[in-house]
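The values are calculated or read from the model by the stated rules, or taken from the named source; none is laboratory data. Computed from a predicted structure; not experimentally measured. So basically every Cβ, Gly included, is an ideal-geometry build from the backbone, and we count neighbours across all protein chains shown. Just the protein is used for accessible areas: all its heavy atoms, side chains included, with ligands, DNA and RNA removed. Shrake-Rupley method; radii C 1.70, N 1.55, O 1.52, S 1.80 Å.
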Amino acid sequence: MLEFCDIHVIQGDFHLTADFAVLAGRRVAVIGPSGSGKSTLLSLVSGFLRPDRGQIRWEGRDLAPLSPGQRPVSVLFQDQNLFPHLSVAQNIGLGLRPDLRLSSDQRDQVTHALARVGLADMGDRRPAQLSGGQQSRVALARVLLRARPILLLDEPFSALGPALKDEMLDLLAEITGQTGATVLMVTHDPDDARRFAPDTIVIHDGRADPPTATGPLLDNPPPGLRAYLGG
C-alpha cells in the first residue's frame, strides 16, 4: 500500500495537502487544473520533493530516508529521456545498469523486454530512426525492466496521436496488470483516465482527494472538476 500520511507542501503561494492510501497493484489517474499539484504529487513519491509535513509510506515503511535512486519507484516522463547516441537496446539496458556492463542474463532480459513491447528486431537502431510511438515503447520497456513496484507516469503519451496513445495505454495496462505494479498516471485527458485507470485522484484547491472510482466520478463530477473538464 502507498500511503500519503498528513502530507503538506508549501511553496510560496502554492500549497498541497494529501491524506489517503492507494492499494497495491491499483492503476490510478491523477487529474486537475494546470498548476494544481499533479506533478508535485509524483515528485513526493519519487523523492525529488520532500513534504513540509507528513510521510510517504510504501508497505508501511517511511520513504523519507531513501534517495530517489533507492526508492521502489520508476518514472516515465513525456519526453521519454532516450539517449540519441545509444542504441535502442542500450537505452533499455540502462534500466538494469547505468554503466551498461550487462551480464549475459541481463542482455537476455533486454531482448525479452524488446519483444514484450513489440520491438523485437529494433535493438540496434537509434532513437531517431524510430517513430514517436516506437520511442514510447522503448522508454516503457526500460522502466518495466527495472521492475520497481511503483510506476509514476507524468503525461508520457500526450505527444502521441489518439490511436497511438490508446495503443500505448492498453499495452501499459496489460503489462502492469501482469507485473502487479502500482501506477499513478498524471493526465489532462479524462478519456485516458477512463481507458486506463479504474480509480482517479482529483487535485483541486490545494488538496489531493482520495482515489475514487473513475467512471462514476467522470459521469457525475463535483463542481470543481466539472468546471475544469468544461462540462
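If the chain between residue 85 and residue 107 were fully stretched, how many nm would it gain, using 0.36 nm times the residue separation less the Cα-Cα distance?
Going from the current span to full extension adds 6.0 nm.
What part of the accessible area of the chain, given as a whole %, is carbon or sulfur when the probe is 1.4 angstrom?
That share works out to 49 percent.
Report the equivalent ellipsoid semi-axes for region 95-225 in whole Å, largest first, defined as the square roots of five times the eigenvalues of the gyration tensor built from alpha carbon atoms.
Values for region 95-225, descending: 32, 16, 12 Å.
With a Förster radius of 35 Å, plug the Cβ-Cβ distance of residue 213 and residue 99 into 1/(1 + (r/R0)^6) and report the FRET value to the nearest 0.05.
0.20
Taking just the C-alpha trace of region 1-86, give me its Rg and Dmax in Å.
So, for region 1-86, Rg and Dmax equal 13.9, 44 Å respectively.
Which of 142, 126, 97 ends up with the largest GNM mean-square fluctuation for the chain, with Cα atoms connected below 10 Å?
Among 142, 126, 97, the largest mean-square fluctuation in the Gaussian network model of the chain belongs to 97.
Can you tell me the length gained on complete extension of the stretch residue 49 to residue 173, counting 0.36 nm per residue apart and subtracting the Cα distance?
Difference between extended and current length: 41.9 nm.
Starting from the Kirkwood Rh over alpha-carbon pairs, what translational D in µm² s⁻¹ does the chain have by Stokes-Einstein at 20 °C and 1.002 mPa s?
Answer, rounded: 117 µm²/s.
Residue separation times 0.36 nm, minus the C-alpha to C-alpha distance between residue 188 and residue 5: what's the value?
63.3 nm
Before I look further, what does the chain give for accessible area per residue, probe 1.4 Å, in whole square angstrom?
The answer is 47 Å² per residue.
Using packing as a proxy for protection, rank 215-223, 165-173 so that the peptide with the highest average count of other Cβ atoms within 10 Å comes first.
165-173, 215-223
Tell me the mean residue ellipticity at 222 nm calculated for the chain from its helices only (DSSP H runs of n ≥ 4, each -39500 (n - 2.57), averaged over every residue, nearest 500).
It comes out at -10500 deg cm²/dmol, rounded to the nearest 500.
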